[in-house]
Amino acid sequence: MSARVYAVVNQKGGVGKTTTAVNLAAALARVPRRVLLLDLDPQGNATMGCGVDKRALERSIYPVLLGICRAHEALVATEFGFDLIPANRELAAAEVELVGLEGRENRLVRALRPLAGEHDLVLIDCPPSLSMLTLNALCAADGVIIPMQCEYYALEGLSDLVNTVRTVQANFNPRLQALGLLRVMFDARITLSQQVSEQLAEHFGDKVFGALIPRNVRLAEAPSHGMPGLVFDPASRGAKAYAAFAEEFLARIERGGLAAGSVGRK
Ligand code: ADP
Ligand code: MG
């Protein structure tokens, strides 16, 4: 059976996409599941966060997307029990180069095909834009995970994202579902966080994951040690929250998730 593919998407930067992708990969690897983490951001933060030096890559996702090298050749086995296809700044050129290619939105789908059967789950860490790279991720994905900070501007931009998911579902990839919204960097002491969190639950109902990722300094420190927070300090509140989220994620995908068409309604 081929892998289920989930993209971690939010066109804003610094909202916890990479932290979510890396820690979810680490948690699922422990279950165990055979996981591939795909870094689709030219910033290469997921790559570095897995202890792989983005400046010293022999192969990355960039030539794979362009069809110059095979996905297998770019695959790295991390120390944390999951595979990684790394990225670095080279990938920024792909935004422009892909536009001129035939089947440009399906380059990633095609690139991943030879890996079929080797993993149970593929997680894609997307760049902070609704660009050609993100479009490729959405065309390859079964579902979308949207990490969100519960702050005043959190809801701004969310409708663009939801519309993009719907458009991709309608035009390119009928399998695509909005799996859920994940509240991250949550600070229960801040009234605004509580209010925005309630608003989200009101608006999106059970599309909001029950797991709540707290603001936790150990999660922020882990990448500088080249480790997922879950491995760096398993006893930390952040690590425990991501472990709980991974359980909820598995339960949700096993019962089939929720249709993207129903996003925005209860
Ligand atoms: P994105 O990939 O959306 O740009 P990141 O996952 O890189 O976001 O997170 C942005 C910054 O916030 C990083 O420095 C990261 O270490 C930090 N961070 C992410 N999640 C948390 C958290 N729950 N608690 C504290 N810091 C966090
Ligand atoms: Mg990131």
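Bear in mind these aren't lab numbers, they're just calculated from the coordinates by the rules spelled out. Every value quoted in this text rests on a predicted model; they were computed, and no experiment measured them. FYI the Cβ positions are ideal-geometry reconstructions off the backbone, even for glycines, and counts take in every protein chain you see.
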Among bridges DSSP assigns within the chain, what percent are antiparallel (round to 5)? 5 percent
With each run of n ≥ 4 DSSP H residues scored as -39500 (n - 2.57), what mean residue ellipticity at 222 nm is computed for the chain after dividing by its residue count and rounding to the nearest 500 deg cm²/dmol? -11000 deg cm²/dmol
Express the relative contact order of the chain as a whole percentage, based on alpha carbon pairs under 8 Å and six or more residues apart in sequence. 25 percent
Once the Cβ-Cβ distance between S2 and Y152 is put in as r, and R0 is 45 Å, what FRET efficiency do you end up with, to the nearest 0.05? 0.65
Highest average packing first - 68-81, 117-130, Cβ atoms within 10 Å: 117-130, 68-81
Segments 191-204, 51-64 sorted - mean Cβ within 10 Å per residue, highest first: 51-64, 191-204
Could you compute the FRET efficiency for E79 and S129, with r as their C-beta to C-beta distance and R0 at 35 Å, rounded to 0.05? 0.70
Using Cα pairs closer than 8 Å and at least 6 residues apart in sequence, work out the relative contact order for region 15-143, in percent. 34 percent
Take the alpha-carbon centre of region 168-230, take the same for region 233-248, and report the distance between them in whole Å. 13 Å
Suppose we keep just the alpha-carbon trace of region 120-193; what are its Rg and Dmax in angstrom? 13.7, 43
Taking R0 as 45 Å, what FRET efficiency do you get between E58 and N171 from their Cβ-Cβ distance, rounded to the nearest 0.05? 0.80
So, in nm, how far is label E247 from label V99 when the simple model puts each one 7 Å beyond its Cα toward the Cβ? 4.7 nm
Give the share of C-alpha pairs in each 5 angstrom bin for the chain, from 0 to the last occupied bin, in whole percents, shortest bins first. 1, 6, 14, 19, 21, 18, 12, 6, 2, 0, 0
